[in-house]
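Written below as structure tokens is the structure these notes are about.
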Amino acid sequence: MRKNDIRRFRLARGLTLQDLASRAGISTERLGRLEISGATPDAHRRWAIANALKVRMDAVFPEVARVAKELRHGKPYPCLLYTSDAADDLTRV
């Protein structure tokens, strides 16, 4: 399953890596790594990239859409629950 479509949308809009990075306010190096790895960046960067491409976030990051759909339909999604201040005391629910 693809994790992001940054490159496909960027090329469809005729943008260089530098153009999109500048519009999204992130480094060209980081954007290039996201394109190559297919990783899903943090929420702030997802929003900035989608906004710079002028598309919905879930179009560029289909994994985000899948998780949101599962949550809307009441399917359990694993998350970490902090049970204390100790970083090593995490419980998966």
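Throughout, read-outs are computed from the coordinates displayed, never taken from laboratory work. Bear in mind that the values here come from a model prediction, so they are computed numbers and not experimental data. Here Cβ is always computed from backbone atoms with ideal geometry, including for glycine, and neighbour counts include all displayed protein chains.
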The ³J(HN,Hα) series, computed from each phi in region 43-48 with the Karplus coefficients 6.51, -1.76 and 1.60 at θ = phi - 60°, rounded to the nearest Hz and given as x for glycine or proline, is 4, 4, 5, 4, 4, 4
What nm distance separates the two modelled labels at ARG7 and ILE36, each placed 7 Å from Cα along Cα→Cβ?
1.0 nm
Write out the trypsin sites (Lys or Arg not before Pro) in region 1-70 meeting two conditions: DSSP loop, and at most 15 other Cβ atoms within 10 Å of their Cβ.
ARG2, LYS3, ARG13, LYS54, ARG56
